[in-house]
Amino acid sequence: MQSPEISVIISTYNQPAWLYKVLVGYECQSINNFEVIIADDGSNEETKKIISTFSKIAKFRLTHIWHEDQGFRKTVILNKAIKVANAKYLLFTDGDCIPRNDFVETHLRLREVGWFLSGGYFKLPKNISELISEKHIKSQSCFEANWLIEQGLKSSFKLNKLTSKGVKERFLNAVTPTKATWDGMNVSGWKKDILLVNGFDERMQYGGEDREIGERLFNLGIKAKQIRYSAICIHLYHERGYVQPEMITKNKAIRKVTKRDTVIRTPFGIEKD
């Protein structure tokens, strides 16, 4: 089997129904030269069954990387996934973000040496998230503004993420006030750059844990390109019961040192110093 041009790393934790919809989204991609690696932070057997079943029908190579549930250890499992990725270019996303059919192709088309690509997501309410079926993903209707409005979604400027093409898409990428940062639900970069900064800092827990690796990439001299109106995924609703204030406080302290000392390589990453 030839090496994939891009490795898609999907983080997940006990959201099997959402993960199945996401995998259907990757089955619908406009290109086939990619692999999918599930970075699983300790999900139960239900998630394993979903992945096992899907791997038998998927047109892409599907790998499941799992470790025991010992609390929020997303950065640890992501580092394990990076190590086994076969492509030179890596795309990171979450198991609750369904990709539009040009999602992988867009990241490949816009990649550039010395840069990482920073995308966003279109967040859906609970009722529409539950309503979306395999049929809606395969037909791509769940990415159509009119269909979403028919299901009760309120019209807003954010719908431009789904409807912008060409000149308008590039213009909105250029003028958005949102900074291009490393956000784990839609971001891609070169594996060699990620290895140079030693991957994710495994001390980081929930709350900015993705941003910190991006800040070290900036310190390395890597720049970020804004593609939030180009690489489109829809974010399915879920509760965030695992959020704890002490996690965010700890993460902010680590990020403060990263910025102050212009840290490039974490000693708490893929390789332990």
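Here are the numbers:
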item: Calculated P(r) of the range 75-121 - Cα pairs past 13 Å, %; result: 64
item: Size of charge dipole - the chain - debye, nearest 20, with Cβ of Lys, Arg +1 and Asp, Glu -1, no other charges; result: 800
item: Which listed pairs, of Lys56/Lys165; Lys158/Lys192; Lys59/Lys83; Lys123/Lys191; Lys56/Lys250; Lys126/Lys256, have C-alpha distances above 31 Å, in listed order; result: Lys56/Lys165; Lys158/Lys192; Lys56/Lys250; Lys126/Lys256
item: Residue among Trp147, Val263, Phe54 farthest towards the positive dipole end of the chain, charges placed on Cβ; result: Val263
item: DSSP beta bridge pairing in the chain, given as percent antiparallel to the nearest 5; result: 30
item: Test item: Cα-centred dipole of the range 169-210, Lys/Arg +1 and Asp/Glu -1 on Cβ, debye; result: 180
item: Equivalent ellipsoid, the chain (semi-axes from 5 times Cα gyration tensor eigenvalues, Å); result: 27, 22, 19
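Here, each number is a calculation from the coordinates, and none is a lab measurement. Not measured: the values here are computed from a predicted model. Cβ atoms come from the backbone with ideal geometry, glycine included; neighbour counts cover every protein chain shown.
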